[in-house]
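Shown next, in structure tokens, is the structure this report addresses.
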Amino acid sequence: MSEEKKSGCFKYLVIGCAIIVILSVIAAVVVFFGAKSFVSGMAGKYTEKTPRTLPVPVASQQESDAVIKRADEFADAIKQDKPAPELVLSANDINILINKHPELKKAAGMVNVEIEGDKIGGQLSVPLGEFSSMFKGQYLNGSAAFRTSIESGRLMVFADSVEVRGEKLPESFMKSFGSENLADAANKDPKIAPMLQRIESISVRDGSVHVIPKKKLQ
């Protein structure tokens, strides 16, 4: 299979979904406060003028290549509805993919995934100017923790906590935001949804993400 097809296949698998979900927190914050009020009144409280330096995954080139190869082979098998072993990814594995996989290079340096027990979260340092010129020179530095699973072929992701610049977001925001499935957009994406249908389960346990494919497409 060509490198282009491999990377395209990977782009719409689980880690791609995770990045979409994490970045959706940023969009939700802006929508909640309103673009104009965020720029004027809230920007000073929730954004910074400089990016936060996130940890760099520790891995040799050989180790990085092995993680990318394992993820791509799993993605290829899922897309083609072929048997595949369980995919187990540690936080370091995921961060290697974010920083080293060609299809995720736009997220490199913006997200650092952390896993503790059965919770997956991440540190964020996002240049908002890349999303809108009105946020030029502003960085959203913070962290978030999520619960994730698959139910009837749908990815379910809920935010347990969100902090921006060391400040917890208002309780009024989290009350409604925490009950929303942040993966709704991914579930509706015609490229992502068919692949999710081929996943039996996604779980976070013992410090790793476990992805189990269905034995055959139902």
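The values are calculated or read from the model by the stated rules, or taken from the named source; none is laboratory data. The model shown is predicted, which means the values in this text are computed figures rather than measured ones. Ideal geometry is used to build each Cβ from the backbone, glycine not excepted, and the neighbour counts take in all protein chains shown.
Key figures for this structure:
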quantity: Leu182 being crowded, with 16+ Cβ neighbours inside 10 Å, part of a loop (DSSP other than H, G, I, E, B) and in contact with a strand residue (DSSP E or B) (Cβ under 9 Å, 6 or more places away or on another chain); calculated: yes
quantity: Residue match in the stretch 194-203 (condition: exposed (fewer than 14 other Cβ atoms within 10 Å of the Cβ), at pLDDT 85 or above and either touching a Lys or Arg at 6+ places or on another chain (Cβ under 6 Å) or assigned to a strand (DSSP E or B) (or both)); calculated: yes
quantity: Any hit, the stretch 136-145, residues being at pLDDT below 80 and crowded, with 19+ Cβ neighbours inside 10 Å; calculated: no
